[in-house]
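The structure appears right after this line, and notes come after that.
Just so it is clear, none of the values below were taken in a lab; they were calculated from the coordinates. Computed from a prediction, not measured in an experiment: that's the story for all the values here. Reconstructed Cβ throughout: ideal geometry from the backbone, glycine too, with neighbour counts over all protein chains shown.
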Amino acid sequence: MEIFRSGLNLDYLLSDVVTFGGTFVPEAFTREYLSYLNEELDSLHYGQYQSGDDAKVYERHKDFRARVYDTQAYIPRLTELVEYIGWQIRAASVSKANNELFYPDDVNVWRYSDESSGIGRHRDYSHDLYLIVGITTKGCCTLEFYGDNPDNPSPKIWQAGPGSLMLLRGLGFCEHDD
């Protein structure tokens, strides 16, 4: 079964990540693969997450978190996806020289309700090394991407929906240290 849609060029996408700090593809995955993946996602046991009152970003959603290689959860489809994306990133020419150690294993699945305000403006943690991969499997939302400058008043607007892919540069990607 094909995971990515035909013609998806990771070298081009990763060049944008190096240059701009991130990139977005509205329909990166095949519908067949999304259906296959969602069967597993629908069967997971989700916890309720709510940020504390003193948090910089207030959010509330159901979540599932696991380490692919160190988990008791049975997540073969998520494991397959994480391994495939890691292999694709390591094989891409733009990252081959610098990111041969990119072996992602941290999985977070978030389920927001229709009433949720989602997640607010933030920077991911400094421990998120190399690359952050965001995939939308169901629903839709608007993402605002500010790039490297958090004071940028003009974000890129991305409309996420089923099958969309977001790549964000993390610490160490192609030797970036920001």
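Treating r as the C-beta distance of Glu2 and Lys62 and R0 as 41 Å, the FRET efficiency rounds to 0.90. Take the Cα of Tyr146, step 7 Å toward its Cβ, do the same at Tyr74, and the gap between the two points is 4.4 nm.
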